[in-house]
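See below for the structure under consideration.
The values are calculated or read from the model by the stated rules, or taken from the named source; none is laboratory data. From a predicted model like this one, the values you see are computed outputs, not experimental measurements. Every residue, glycine among them, receives a Cβ derived from its backbone with ideal geometry; neighbour counts consider all protein chains shown.
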Amino acid sequence: MAEGVWVIAEERDGEFRKITYEVVSEGRRLADALGQSVTAVVLGNGMKDKAADLAQYGADKVLVADDARLSPYTTDAYVAVISQLVKNGDPAVLLIGGSVQGKDLAARLSANLGVGMAQDCTGFAAEDGNLVIIRPIYAGKAYAKVTFENSWPQMATSRPNVLSINEPDASRSAEVVDAEFSLDDAALKTKVVDVAKDESGKIDLTEADKIVSGGRGMKGPENYEILEKLADLIGGTVGASRSAVDAGWRPHSDQVGQTGKVVSPNLYIACGISGAIQHLAGMSTSKVIVAINKDPDAPIFQKADYGVVADLFDVVPALTEEIKKYL
Amino acid sequence: MNIIVLLKQVPDTETQIKIAPDGKSIVTDDIKWIMNPYDEFGVEEALRIKEKFGGEVTVVGLGPKRVTESIRTALAMGADKGILITDDALEGSDSLAVAKAITAAVKDLDYDLIFTGQRGIDDDMGVVGASVAELLGIPNISLGIKVEISEDQKTVTVNRPVEGQTLVIESSLPALITAQKGLNEPRYASLPGIMKAKRKPLEEKSLADLGLDASEFGTEARKVKILELTPPPERAAGKIIEGETPQEKAAELARLLHEEAKVL
Ligand SMILES: Cc1cc2nc3c(=O)[nH]c(=O)nc-3n(C[C@H](O)[C@H](O)[C@H](O)COP(=O)(O)OP(=O)(O)OC[C@H]3O[C@@H](n4cnc5c(N)ncnc54)[C@H](O)[C@@H]3O)c2cc1C
Ligand SMILES: Nc1ncnc2c1ncn2[C@@H]1O[C@H](COP(=O)(O)O)[C@@H](O)[C@H]1O
């Protein structure tokens, strides 16, 4: 009988990423509801020393697969190893952080294991011993409540920034175990040949705590500087509407919306964005939404917690100055 | 280079989603159906590779008969032939079942590359591509924004953006790549293209044609079971910030973000 909640840790350059703490914390909450234990699975190269830290967030056991071929991440190596561990360990629930890496892993792993999987979930619960999750579909135009049938482990990824991280508890400890696995070089068909780092140090929109987005109302690429200043001050990232991206003002990777990035920051400030259905779809799970637009009838105001009807070129610099008083 | 492109039909992005009386599906009456926008990037990339190396582009869609229209669009853009997997028993299938049916339809074709969209903008899963690759036993690389085939046509190099970096991945062929915005600008179908598309081969396959057992497909066979669909949570009515001047409004907004919303 499948038992136990497993969570997959995510590392980059030898450090756990924030999403790891999110899934370990959620794994703890689910395990308590199910009356089961939490196993964190760590894949990487030389991660064993850090593994025990996950206990503080709720892991009871940490299973470490250490191999030079497991860092940086590749789909084939990770799927090969985790598939073996899952078949041996037979967990009831398998939770993966829905980062780019996690979603990639979950997609292929679910087919490898032949199980159902729900991607990019925003709510998790245990009902009658089963995992029940909530996930936005149609980019947030509807929400689906789903569960799993005749399928173990019950498997899901979590949208970044949505799950709360447990207060670290230094008194907790976990058993750290070396995982047993084999990895055949012949089965590894992909390799990372280069990593181009974004030197700006900009936090990705999907993981940003605060976003300042600009649309067609920005009038041109040069004007984004006022958004960059505000974003820098509050520790945020600049995003854009599709119109701004299609005009060539901002890179594709900045687009928020149904055909761009789906974001969930604590604070989303939309500047000169009308609020088209495709844009709203990508940011409606933001906790606090601010709209700055000179058109009082712009649809964005219907989604905004705070609306400012005014010229953004006056309001944004003034807001930047005003915020300084509170920091 | 023979290339397969998987094509899903989805509701137009303008669609207001209405939940059906059963509480588990959506009302489809007034929906305008389009090719999944990410699949357009896949079609375009396949055509560019074919233009460079020669070969054939085959478009594969699974769904009701209306999907024919989107396959014809891809043929009008320049793809060579289409396959529509259609069967009443497929209605309501989950990602894994869809991947199984698609795999059965493509496994015996001669292919070097498969393109899919990075995700369907309907179910927002992004699972079918990777699952097909797994079932076929070929590597997959997701979120391609640049795809380069080596001169000897034995390997492919793909740029793949992850948070804060771009990974350059090399893979042997055949491989499956999921397309992300930024990969290319899809062409429009030309009028002669549309005329030609009408005569291009478009084959229909049922589950029986693929040698599959209908009981493994459809709503009943889902492993991911939908309990209920709901409209998005209502957001409480927002506040319009008062003030005589933009400065006053900015000051009031900053205060509210700090004191009331507590996000600063
Ligand atoms: C298939 C498809 C997919 C799409 N996907 C996306 C997507 O993922 N993301 C997305 O964003 N869009 C998407 N769109 C586009 C979407 O429909 C809208 O066209 C787009 O979001 C509009 O961008 P915007 O709000 O910047 O521009 P507009 O709608 O032109 O709005 C500009 C706003 O700026 C305001 N403004 C102008 N000057 C000022 C000023 N000085 N001060 C204050 N306010 C000012 C105006 O009042 C107006 O409300 C998609 C469209 C299609 C067809
Ligand atoms: N029914 C389908 N027919 C053909 N291709 C599909 C189908 N479903 C998914 N795909 C492909 O898989 C991609 C991801 O879809 P999904 O996993 O549903 O988000 C799509 O962009 C398509 O390329």
Discussion item. For the list (1) surrounded by fewer than 24 Cβ atoms within 10 Å (Cβ to Cβ); (2) in contact (Cβ under 8 Å) with a residue 60 or more places away in the chain; (3) under 27 Å from residue A:103 (Cβ atoms), I need the number of the one condition that residue A:273 fails.
Written reply: (1)
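Take the range A:263-292 and flag every residue that is among the polar types (S, T, N, Q) and within 11 Å of chain B (Cβ to nearest Cβ).
Pass one, the range A:263-292, residues among the polar types (S, T, N, Q): A:264, A:266, A:274, A:278, A:284-286.
A:266, A:278, A:284, A:285, A:286 - these are the residues of the range A:263-292 that are among the polar types (S, T, N, Q) and within 11 Å of chain B (Cβ to nearest Cβ).
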Worksheet entry | Enumeration of residues in the range B:220-240 that are surrounded by 14 or more Cβ atoms within 10 Å (Cβ to Cβ), outside any strand (DSSP E or B) and either hydroxyl-bearing (Ser, Thr, Tyr) or modelled with pLDDT of 95 or more (or both) | B:221, B:222, B:223
Item to complete: Could you tell me whether the range B:118-139 includes any residue that is more than 10 Å from chain A (Cβ to nearest Cβ) and either more than 16 Å from ligand 2 (Cβ to nearest atom) or at positive phi (or both)?
Response: no
Worksheet item: Could you list, in sequence order, the residues of the range B:46-80 that are of a type in the set (Val, Ile, Thr) and within 16 Å of ligand 1 (Cβ to nearest atom)?
Response: B:73
Worksheet entry | Residues within the range A:79-117 that are surrounded by fewer than 23 Cβ atoms within 10 Å (Cβ to Cβ) and among the basic types (Lys, Arg), tallied | 1
Practice prompt. Looking only at the range B:38-70, count how many residues are surrounded by fewer than 20 Cβ atoms within 10 Å (Cβ to Cβ) and under 20 Å from the mean Cα position of the chain (by Cα).
Written response: 6
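Going through the range A:145-154 one residue at a time, which ones are within 7 Å of another protein chain (Cβ to nearest Cβ) and assigned to a loop (DSSP other than H, G, I, E, B)? Step through it out loud before you land on a result.
Restricting attention to the range A:145-154, the residues satisfying the condition of being within 7 Å of another protein chain (Cβ to nearest Cβ) are A:145-151.
Across the range A:145-154, the qualifying residues are A:149, A:150, A:151.
Could you tell me which of the residues B:67, B:98, B:59 is aliphatic (A, V, I, L, M), within 14 Å of another protein chain (Cβ to nearest Cβ) and within 11 Å of ligand 2 (Cβ to nearest atom)?
Values: B:67 fails: within 14 Å of another protein chain (Cβ to nearest Cβ); B:59 fails: within 14 Å of another protein chain (Cβ to nearest Cβ).
From the options B:67, B:98, B:59, the qualifying one is B:98.
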Worksheet item: Quick one: which strands (runs of 3 or more DSSP E) sit completely within the range A:215-327 and have at least 2 residues that are more than 25 Å from residue B:262 (Cα to Cα)?
Response: none
Item to complete: Mind counting the residues in the range A:297-315 that are closer than 17 Å to residue B:245 by Cβ, within 8 Å of chain B (Cβ to nearest Cβ) and aliphatic (A, V, I, L, M)?
Response: 4
Response to the item:
The condition of being more than 10 Å from every other protein chain (Cβ to nearest Cβ) and either of a type in the set (Val, Ile, Thr) or surrounded by fewer than 23 Cβ atoms within 10 Å (Cβ to Cβ) (or both) holds, among B:181, B:107, only for B:107
Worksheet item: So, in the range A:163-181, of the ones that are acidic (Asp, Glu) and touching a residue at least 12 places away in the same chain (Cβ under 8 Å), which residue ends up farthest from the other protein chains (Cβ to nearest Cβ)?
Response: A:175
Practice prompt. Those residues that are free of Cβ contacts under 8 Å to residues at least 24 places away in the same chain and within 16 Å of ligand 1 (Cβ to nearest atom), I need them from the range A:129-162; list them, please.
Written response: A:137
Practice prompt. Identify all residues within the range A:147-172 that are among the aliphatic types (A, V, I, L, M), more than 27 Å from residue B:225 (Cβ to Cβ) and buried (at least 16 other Cβ atoms within 10 Å of the Cβ); write none if there are none.
Written response: A:165
Response to the item:
Given (1) within 16 Å of ligand 1 (Cβ to nearest atom); (2) of a type in the set (S, T, N, Q); (3) touching a residue at least 40 places away in the same chain (Cβ under 8 Å), residue B:15 misses just (3)
